[in-house]
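Here the structure comes first, spelled out in structure tokens, and everything after it is commentary.
The values are calculated or read from the model by the stated rules, or taken from the named source; none is laboratory data. Just so we're clear, the structure is a prediction, and the values are computed from it rather than from any experiment. Don't worry about glycine lacking a Cβ; one is built from the backbone with ideal geometry, like all the others, and counts go over all protein chains shown. Surface accessibility is based on the protein's heavy atoms, side chains included, excluding ligands, DNA and RNA. Shrake-Rupley method; radii C 1.70, N 1.55, O 1.52, S 1.80 Å.
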Amino acid sequence: MATILAHVTVKPGKEQQWEQTARSLYRGTHDTETAVRRYEYWRGAEPRTYYVLLSFDDYLGFLAHQTADHHENQVGPIGDAVESMRLEWIDPVAGASPLAPTEMRDPGPDADDLARRYARTHAAEVQEWWLPLRGSTP
């Protein structure tokens with residue numbers, strides 16, 4: 001499993017553009033991807049703040065999402081609307097979420113250059129403090 005909470009701040013006046021991009025990405029993701037578990041956009045309490053919850057069967061599903069045509073086609077509009085974005089890999093609390101723990105995986109020898117680039121820039125981070133709570137060791 002791979003789950004991310006994206007913290008997004010959009011540029012002033014770009015809220016409608018961002019929300020249209022979000023709708024397009026939501027439709028493309030849910031209509032074409034088989035490894036998606038959760039993919040949702042939320043407005044935050046502060047002006048121009050948004051959150052995106054992304055959860056996939058595994059890290060390779062996340063990479064497939066990042067490299068999908070419908071995602072790559074929105075890179076320009078995303079860059080035009082976003083002032084800042086922070087990706088936070090998150091881990092579900094067992095018994096309080098239906099999702100499985102976040103795990104990093106190598107993209108494999110057949111991965112293309114784009115998938116390898118995303119694997120470098122968006123590597124899943126499993127925090128050490130999670131491991132004892134999962135019953136794992138580093």
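Structure notes:
- Options Ser84, Ser97: the member that is in a strand (DSSP E or B) and either of a type in the set (Lys, Arg) or within 21 Å of His7 (Cβ to Cβ) (or both): Ser84
- Test result for Thr21, at pLDDT 95 or above, among the hydroxyl-bearing types (Ser, Thr, Tyr), under 18 Å from Ala6 (Cβ atoms) and surrounded by 13 or more Cβ atoms within 10 Å (Cβ to Cβ): yes
- Pick from segment 45-70, criterion touching a residue at least 12 places away in the same chain (Cβ under 8 Å) and small (Gly, Ala, Ser), ranking: most open to solvent (accessible area, probe 1.4 Å): Ala64
- Residue count, segment 111-132 (criterion: in a helix (DSSP H, G or I) and without any contact (Cβ under 8 Å) to a residue 40 or more places away in the chain): 10
Rundown of residues vs (1) part of a helix (DSSP H, G or I); (2) among the basic types (Lys, Arg); (3) under 21 Å from Asp113 (Cα atoms), yes/no style:
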site: Gln16; (1), (2), (3): yes, no, no
site: Ala22; (1), (2), (3): yes, no, no
site: Tyr51; (1), (2), (3): no, no, no
site: Ala64; (1), (2), (3): yes, no, yes
site: Pro77; (1), (2), (3): yes, no, no
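- Looking only at residues in segment 71-114 that are in contact with a Leu (Cβ under 7 Å, 6 or more places away or on another chain) and closer than 26 Å to Glu19 by Cα, the one that is most open to solvent (accessible area, probe 1.4 Å) is Glu88.
- Filter pass, Gly108 being at positive phi and in contact (Cβ under 8 Å) with a residue 24 or more places away in the chain: yes
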